[in-house]
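Worksheet: one structure, shown below.
The values are calculated or read from the model by the stated rules, or taken from the named source; none is laboratory data. None of these values were measured; they are calculated from a predicted model. Using ideal geometry, Cβ is built from the backbone for each residue, glycine included, and neighbour counts are taken over all protein chains shown. We work out accessible area using only protein heavy atoms, side chains counted, and drop any ligands, DNA or RNA first. Shrake-Rupley method; radii C 1.70, N 1.55, O 1.52, S 1.80 Å.
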Amino acid sequence: MPFRVLLLTVCALLLALPAQAQVTFKSGVDLVRFDVRVVDEAGRPVTDLKPEEIVIEEAGRRLPVMLFQRVTEPAESYVEEAMRAVTAQVSSNDAFPRGHLYILIFDQEHITPGNEQRARMAAEQFIRTRVRPSDRVALYGIPGPGPQVGFTADKTRALRQLDSIRGMYQRTVSTPFGTMGIYEAHRIAQGDAKLLVDVIERLRKDSGGDIVGTDTGGGRFASTTGEDPSVTQRLLVENARVVVNQTDGASRQFLQRLADVVTQFRDIEGRKTVVMFSEGFFQDNLSRELEAVAAAAAQSYCVFYTFDLNQRDAQLQEAYASDTVRSSEVQARIAPLSTLAVETAGEMVIDAANRSGKVLDSIADRAQDYYLVGFTPSEEARANRGNYRRVKVQVTRPGVRVSARTGYALAPEPTPADRKRAIDSVLGAPFAQQGLKLDYTTYVMKGASAGQHRVILSLNADLPVRAKPGDAADIVFIARDIKDGRVVANGSDALPLPESAKPGSPLGTGTWRAQ
């Protein structure tokens, strides 16, 4: 019988540390990881950066860098690199290649019906031509109904879901006084007296004077029913505030759902490119919700590229809007899109309706070359989990530019239920985990009977020093037949944490063997 080779892959190595160990161990559950892009003056990636050249400060205090790793695209094909990584004499998760992780989000709440068509076509072209077999793409329409597709390599599935994208935003709403623009309502609620007078004049003409009265000159209106003009203005302001509350409520729900979508990818390691198509919204009363999205992006290593889909020319139903008002509205609506891009070290694409395809191509063309940097969070961050903490990332080398997030937020304290959830999440991750270095060697020995071979695995892993006897890491392994991918063995075990650290490192070496 021919000798049949079995490929054994270690799928997950997860820390299961007790709560009291989180303070003494500086790079375990509370290790904060940033993806940091460093380029020279010509925009080329800097490939030889050293850990001591990275400086991370929070409130003027330097935070210790405990993890430093360069992440690059495979030089050859993904399949060739992957086979080399897992079939080498000593394999390592450091050497395992990874593709791009794309999350396409359509803000259906804030896209005018019809405006989503060009973005949808650009996304379709991008998925068909630029998403490689080594990449993974996720697709969401917020709010539903719409696509809800997690990371997948099945491009056909993602393309099929694109057909369900629908815009549902209406720039004007009906009020007891007549039709009012949402932008007008926000401006009036903020105290814009001139716009208030202009709107009353327009509504008077539209309604024939039955509701808001007739113009008596000087911006004063006399009601045809004898009502005090100031009462009319006050009622119009109250109506504007009602409109603002309603639209802010819808935008708030969108941002909460967006944060939920981003947060679900927290346990999937690696930089994620979020492409969000939207016409924007008014952020006057939504600063807390925007910060929550930025915090979720920081936890999940997401970088936002926001695509402004606003049409700059007035539509038929908005014939009364001047070019100046229209321009002011667009600028106000895209402000939060810019905020999300800046906070996550991404970019905002202005007036993207006609050039989404080209910009998506440029995003795909950018080499995946960045540094995964892990640092110890501050005591204040540990005491106030979930709060967004701003940090400053710098590189001491002259003549280079740094791109990184503006802050982070720690996840809640882990519970026993989180242990299984974390294991399941890592097993379902698109690529091999690389947070802690893991080296392993497999030996295949011919068995006594055909098709029955013995596989021996020897594994070394960089792990935190134990806080007390019994502290251990979880190991989950799967052995597959290299010919057809069939699972021939699987199991789990616990690996005791090392008693001491290696010289010059906060980590020690854990050793595990199985057959």
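Worth pointing out:
- Hz values of 3J(HN,Hα) by residue in the stretch 148-164 - Karplus curve (6.51, -1.76, 1.60), Gly and Pro given as x: 9, 10, x, 3, 8, 9, 7, 5, 4, 5, 5, 5, 5, 6, 4, 5, 8
- The heavy atoms of V342 present about 90 square angstrom of accessible area, all protein chains included, probe 1.4 Å.
- Rounded to the nearest whole Hz, the Karplus-based 3J(HN,Hα) values (6.51 cos²θ - 1.76 cosθ + 1.60, θ = phi - 60°) of the stretch 349-366 follow the sequence 9, 7, 6, 8, 4, 9, 9, 4, x, 5, 5, 4, 4, 5, 5, 5, 6, 5, with x at glycine and proline.
- Under 5 Å from the amide H of L507 lie the amide H atoms of K502, each residue being 5 or more positions distant or on a separate chain, with H modelled from the backbone and absent for Pro and chain starts.
- Cross-link partners of K50 among lysines, defined as those whose alpha carbon lies under 27 angstrom from its own and excluding same-chain residues fewer than eight positions apart: K26, K272, K392, K437, K502.
- Between D493 and A42, the FRET efficiency estimated from the beta carbon spacing at R0 = 51 angstrom works out to 0.55.
- Stretch gain in nm, segment S362-R397, where the contour uses 0.36 nm per residue and the Cα spacing is subtracted: 9.8 nm
- Accessible surface of the stretch 434-515, 1.4 Å probe, proportion on carbon and sulfur as whole %: 49
- Largest first, the residues M348, M180 sort by 1.4 Å accessible area into M348, M180.
- Listed residues D154, D484 arranged by accessible area, highest first, probe 1.4 Å: D484, D154
- Spatially proximal lysines relative to K205 (Cα-Cα < 19 Å; intrachain offsets below 8 disregarded): K194
- Phi angles across the stretch 189-194 convert, under the Karplus curve 6.51 cos²θ - 1.76 cosθ + 1.60 with θ = phi - 60°, into 3J(HN,Hα) values of 5, 7, x, 6, 5, 5 Hz, Gly and Pro given as x.
- The modelled label-to-label distance between T441 and A514, using points 7 Å beyond Cα along the C-beta direction, is 1.9 nm.
- Peptides 400-411, 105-116, 142-153 ranked from most to least packed, by the mean per-residue count of other Cβ atoms within 10 Å: 105-116, 400-411, 142-153.
- For S328, solvent-accessible area (1.4 Å; no DNA, RNA or ligand), Å²: 50
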